[in-house]
Amino acid sequence: MSTISNIFIFINLVLAFFILFFERKTASSAWAWILVLFFIPILGFVLYWLFGKPLRRSRLNRPIAYENRDFMDWKDRQLSEMKSGSFQPPALEEKWMDIVQMNAARTDAPLSMASDIQIFNDGKRKFNALFADIRAAEKHIHLQYFILNDDALGRELMSLLTEKADQGVKVLFLYDDLGSSSLPKHFFDAFHGAGGKSAAFLPAMLTSINPRLNHRNHRKLAVIDGRIGYTGGFNVGDEYIGKKEEFGYWRDTHLRITGEAVHSLQNRFFIDWNQAAEKYPMKYAETYFPKTEQRSGAPLQMVASGPLETHEDIKNGYLKMIHHARESIYLQTPYFLPDKSIMDALRTAALGGVDVQLMIPHLADHLFVHSATLSFARELLEDGVKVYSYKNGFLHAKTLVVDGQAFSIGSANMDVRSFALNFELNAFVYDAQSAQEMAGLFLQDRKLSAELTEEDFRKQHWFEKAKQDIAKLVSPIL
């Protein structure tokens, strides 16, 4: 037994060496994993194999047969004009230009126009609209969700998709293998029989072992006929329409957009599908990117980030927006485990006179993460940040509204996991009209929340405080 232990200790030493000198991790994450490896040698190795290994590009299939030169030329042309100072988009305030240029330079995110934006903060309204658009689809339906459940809502969606596939509409469904791990093997049989195609992102090895637990595709998007798009925080399951007693009402936020901005969602689906679906690669066709003569609307960018990138692009977008704030910052997130750069940005904004308000859930779906969330939130109180605990069910919205002029909404939580480990997608919208609507929704939610004070935290039992501190310390290994 001692020989086996010595072998694992040696392996741990080698791993610690590579983590410290070769792997692209933050300092806090690297040292946290080194401590785990040294203090619990055998279990630490297993934990690192499951949670800590960086994702290699070779683990994903290359985007087979994907080539949309028009889209890439569009983005490259915009970036060139931005650098030369000749880029003059309609309806975009000059103050947002540096964020737009950063996103265009780092990601496949040209500035595009949405001819119409609808904001959904209720699951029933969101799925009613999505189902109506699916029923009206004529050419193709592309869906991507982190969680798809085998429950009433999940089965209703698959029944509708099966019906559309049987009508000759091309239907593709991409889901995350871990997020949707409860699906039975027969779940897609009827859908496949009608001609629909599905693919799992980073599927488990040997049906149950998945060493990529920390690198999940957390994106939620839908594209219908290349003209209608959805993205935001809602997954597919009964809890998202308020039918799970333990959560009650589910408060989330989602966008429905039309116009040329849908092309960015389509582009992202192409890439993700071709990385996951080796058997059924998508090939570029004009029908997926219908031409539009649109010259006006709400300017926005669809920004993707993930563990294969060298920069945490959505986090950098958040930082830019926070630094631009002069009047107000309204932030909603179910999990608040930010890094130092986000904490410092929120602190300095509040100390500089900006009205910074953070809203987190009162209910906890993950007790350990919620404990860390409370600990980080408490730190901001002394610098003037107002913290609210949403009590009308479960808050799952991931939104940032700045000065009532621009906002971000998508799949990324305000935590290190979303920033560095998951594949995420956020819309950055530079439109005062819809930003004012978002700010109004935040203020409505505030009426259903309780403001947390230092006294509230002081009244906590010492065990709760200790649990929060431990959770916060351990969070960098995520």
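The values are calculated or read from the model by the stated rules, or taken from the named source; none is laboratory data. Just so it is clear, the model here is predicted, and its values are computed rather than measured. Cβ coordinates were reconstructed from backbone atoms using ideal geometry, including for glycine residues, and neighbour counts include every protein chain displayed. Note: accessible area is taken over every heavy atom of the protein model, side chains too, but ligands, DNA and RNA are not part of it. Shrake-Rupley method; radii C 1.70, N 1.55, O 1.52, S 1.80 Å.
Condition check ((1) surrounded by fewer than 23 Cβ atoms within 10 Å (Cβ to Cβ); (2) touching a Leu at 6+ places or on another chain (Cβ under 8 Å)) across all residues:
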residue: L300; (1), (2): no, yes
residue: Q332; (1), (2): no, yes
residue: Q357; (1), (2): yes, yes
residue: S375; (1), (2): yes, no
residue: V402; (1), (2): no, no
**Request:** Within region 116-125, work out how many residues are open to solvent by less than 70 Å² (accessible area, probe 1.4 Å) and outside any strand (DSSP E or B).
**Result:** 1
**Request:** Pairs only if they're at least six apart or on different chains, beta carbon under 6 angstrom, first in region 412-435 and under 25 Å from P299 (Cα atoms), second in a helix (DSSP H, G or I) and open to solvent by 10 Å² or more (accessible area, probe 1.4 Å); list them, first residue then second.
**Result:** F419/K315
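So that you can scan it fast, the table gives a plain yes or no per residue for (1) part of a loop (DSSP other than H, G, I, E, B); (2) at pLDDT 95 or above; (3) out of contact with any helix residue (DSSP H, G or I) (no Cβ under 6 Å at 6 or more places or on another chain):
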residue: D76; (1), (2), (3): no, no, yes
residue: A109; (1), (2), (3): yes, no, no
residue: A129; (1), (2), (3): no, yes, yes
residue: I134; (1), (2), (3): no, yes, no
residue: L153; (1), (2), (3): no, yes, no
residue: E156; (1), (2), (3): no, yes, yes
residue: F173; (1), (2), (3): no, yes, yes
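Could you tell me how many of the residues in region 133-158 are open to solvent by 70 Å² or more (accessible area, probe 1.4 Å) and free of Cβ contacts under 8 Å to residues at least 40 places away in the same chain?
Selection size over region 133-158: 3.
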**Request:** Quick one: in region 217-238, of everything that is of a type in the set (D, E, K, R) and crowded, with 22+ Cβ neighbours inside 10 Å, which residue is nearest to P307 (Cα to Cα)?
**Result:** R219
**Request:** Scan T333, T348 and give me the residue that is hydroxyl-bearing (S, T, Y) and free of Cβ contacts under 8 Å to residues at least 60 places away in the same chain.
**Result:** T348
**Prompt:** Just to be sure, is Y230 of a type in the set (S, T, Y) and in contact with a helix residue (DSSP H, G or I) (Cβ under 8 Å, 6 or more places away or on another chain)?
**Reply:** yes
**Request:** Output the residues belonging to region 192-202 that are buried (at least 21 other Cβ atoms within 10 Å of the Cβ) and within 13 Å of V169 (Cα to Cα).
**Result:** G196
**Any hit, region 430-452, residues being surrounded by 22 or more Cβ atoms within 10 Å (Cβ to Cβ) and among the basic types (K, R)** = no
**Message:** Within region 88-98, take every residue that is part of a helix (DSSP H, G or I) and either open to solvent by less than 60 Å² (accessible area, probe 1.4 Å) or touching a residue at least 40 places away in the same chain (Cβ under 8 Å) (or both) and give me the one that is farthest from G297 (Cα to Cα).
**Reply:** D98
**Fill in**
Among residues of region 49-74 being modelled with pLDDT of 60 or more and among the hydrophobic types (A, V, I, L, M, F, W, C), the residue least open to solvent (accessible area, probe 1.4 Å) is F71
**Prompt:** Which one of these does Q101 not meet: (1) open to solvent by 30 Å² or more (accessible area, probe 1.4 Å); (2) farther than 30 Å from H215 by Cβ?
**Reply:** (2)
**Asked** If we keep just the residues of region 414-426 that are in contact with a Pro (Cβ under 8 Å, 6 or more places away or on another chain) and in a strand (DSSP E or B), which is modelled with the lowest pLDDT?
**Response** D415
**Asked** Picking from H362, H311, H323, which residue would you name as being open to solvent by 40 Å² or more (accessible area, probe 1.4 Å), without any contact (Cβ under 8 Å) to a residue 40 or more places away in the chain and not charged (D, E, K, R)?
**Response** H323
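Might you let me know whether region 403-413 holds any residue that is closer than 22 Å to H215 by Cβ, in contact with a helix residue (DSSP H, G or I) (Cβ under 8 Å, 6 or more places away or on another chain) and in a strand (DSSP E or B)?
If we filter region 403-413 for residues that are closer than 22 Å to H215 by Cβ, which is where we start, we get 410-413.
Now restrict to residues that are in contact with a helix residue (DSSP H, G or I) (Cβ under 8 Å, 6 or more places away or on another chain): 410-412.
In the following step, the residues that additionally are in a strand (DSSP E or B) were identified as 410.
There is at least one residue in region 403-413 that is closer than 22 Å to H215 by Cβ, in contact with a helix residue (DSSP H, G or I) (Cβ under 8 Å, 6 or more places away or on another chain) and in a strand (DSSP E or B).
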**Message:** For a quick check of your reading: which helices (runs of 4 or more DSSP H) sit entirely within region 427-478 and have at least 3 residues that are at pLDDT 95 or above?
**Reply:** 432-446
